[in-house]
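The values are calculated or read from the model by the stated rules, or taken from the named source; none is laboratory data. Small disclaimer: the values here were computed from a predicted structure and weren't measured. Here the Cβ positions follow ideal geometry from the backbone for every residue, glycine too, while neighbour counts run over all protein chains shown. Side chains are part of the model used for accessible areas, which takes the heavy atoms of the whole protein and leaves out ligands, DNA and RNA. Shrake-Rupley method; radii C 1.70, N 1.55, O 1.52, S 1.80 Å.
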Amino acid sequence: MEAKIIDGKAISNRIRESIKQKVEELKNKGGPTPELDVILVGDDPASEVYVRHKERAFRQAGMNSNVIRMDADTHQDAVLEQIERLNNDKNVHGILVQLPLPPQIDPRLIINAIDPKKDVDGFHPVNAGRLMTGQDCLEPCTPKGIIRLIQETGEQIYGKYAVVIGRSNIVGKPISLMLLQNDATVTICHSKTSGLEDICRRADILVVAIGKPNFVDNRFVKDGAIVIDVGINRVNNKLIGDVNFQEVKQKAGWITPVPGGVGPMTITMLLENTLQAAMRNE
Ligand code: NDP
């Protein structure tokens, strides 16, 4: 039987509607208008598109967003100064530095400078450490969105065998931890893993975050598995995932499309984290 599609766009729209209502309630009781400030260094076209999408989503949710544009040759210290200013501005609840940064700027130093309470991307080591130790934190947006998508299927994560391909700090590692915290048994795979197909074929939940178009086909997939495709690859001006959707949907039980799967959830979780940060710092 063909896989059911996990419609990230529809799920996302529903969550955004509820966020909008919560923002309205917060404002009605005299609370702040949640605000995200984005620092964009340089003129990377993909980053421009992402930032525009974020601005629109914040506006639609009744929240403020402000973009601070800096030239590609900006010195690292100037970015640090901006972060310091935003850390001290009580009207700013979320700070996001759009990645990638130009080569003269060390992304770790920049991320470490953000106040962890305003780190709505969930990349700061304090939030990563709190996630690791099961403490309350701002969770990174893409993995947080993936957990919601899996929950939306109505299938339990508890007791399942989950395999994650990819071990990046922004997707692979945190989603592995979150699946573990939801009582899955988790294996993390990467480019040096041997017997990748065999490992993946045992997975009840397969999360693919590699960045290689159509890498995962039926040979990697167990009948009825939940397959989450995180990959975003631009091929011939089209966005395609890391999973061969047409083939794998014949075998999986559930599958996310690209576009319209994980992507919309990432921005939705950014809205949610910014609202969370604003409510905490009221
Ligand atoms: P990274 O490049 O940081 O990590 C890729 C991971 O894939 C690495 O751990 C790498 O292993 C592993 N990998 C690469 N080739 C293979 C292979 N042949 N077999 C097994 N593992 C392999 O990417 P990200 O995690 O940042 O992103 C992954 C994808 O997800 C990209 O397409 C990105 O665009 C997309 N993405 C989508 C988001 C969304 O909102 N939908 C958000 C963030 C990312 P190793 O560590 O050994 O090098």
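Per Stokes-Einstein, at 10 °C and 1.306 mPa s, what whole-number D in µm² s⁻¹ belongs to region 1-152, with the Kirkwood radius over Cα pairs as the hydrodynamic radius? So the translational diffusion coefficient is about 94 µm²/s. Per-residue Karplus couplings for region 216-231, computed as 6.51 cos²θ - 1.76 cosθ + 1.60 with θ equal to phi - 60°, are listed in order as 8, 10, 4, 5, 9, 10, 7, 3, x, 5, 8, 10, 10, 9, 8, x Hz, Gly and Pro entered as x. Neighbours of Q60 by Cβ distance under 9 Å: Lys/Arg scored +1, Asp/Glu scored -1, total +4. Per residue, the accessible area of region 52-147 comes to 50 Å², computed with a 1.4 Å probe over protein heavy atoms only. Taking packing as the residue-averaged number of other Cβ atoms within 10 angstrom, the listed peptides 48-60, 91-103 run from highest to lowest as 91-103, 48-60.
Among the listed pairs K160/K222; K9/K117; K20/K173, those with a Cα-Cα distance over 19 Å are K9/K117; K20/K173. Taking one quarter of the surface of the convex hull spanned by the alpha-carbon atoms of region 30-115 gives a direction-averaged projected area of 5.5 nm².
Add +1 for every Lys or Arg and -1 for every Asp or Glu among the other residues with Cβ under 14 Å from the Cβ of P100, and state the total. Kindly include the intermediate steps, with their values, before the conclusion.
Numbers: positive: R108; negative: D43, D44, E48, D106, D121.
It works out to a net charge of -4.
Given a 1.4 angstrom probe, I'd like the percentage of the accessible area of region 30-115 that is carbon and sulfur, rounded to a whole number.
Numbers: 2080 of 4380 Å².
For region 30-115, the apolar C and S fraction of the accessible surface comes to 47 percent.
Three semi-axes describe the equivalent ellipsoid of region 182-245; taken as square roots of 5 times the Cα gyration tensor eigenvalues and ordered largest first, they are 21, 13, 11 Å. At the listed q of 0.12, 0.13, 0.22 Å⁻¹, the Debye profile of region 140-263, built from one uniform point per Cα, gives log10 I(q)/I(0) equal to -0.36, -0.43, -1.38.
In region 207-282, carbon and sulfur make up what percent of the accessible area (probe 1.4 Å)? Don't skip to the end; give the middle numbers.
On the way: 1560 of 3130 Å².
Carbon and sulfur together cover 50 percent of it.
Net charge near N182: determine it from the other residues with C-beta under 15 Å of the C-beta of N182, scoring Lys and Arg +1 and Asp and Glu -1. Net local charge, N182 excluded: -2. By the Kirkwood approach, averaging reciprocal distances over each pair of separate Cα atoms, the chain gets a hydrodynamic radius of 19.5 Å.
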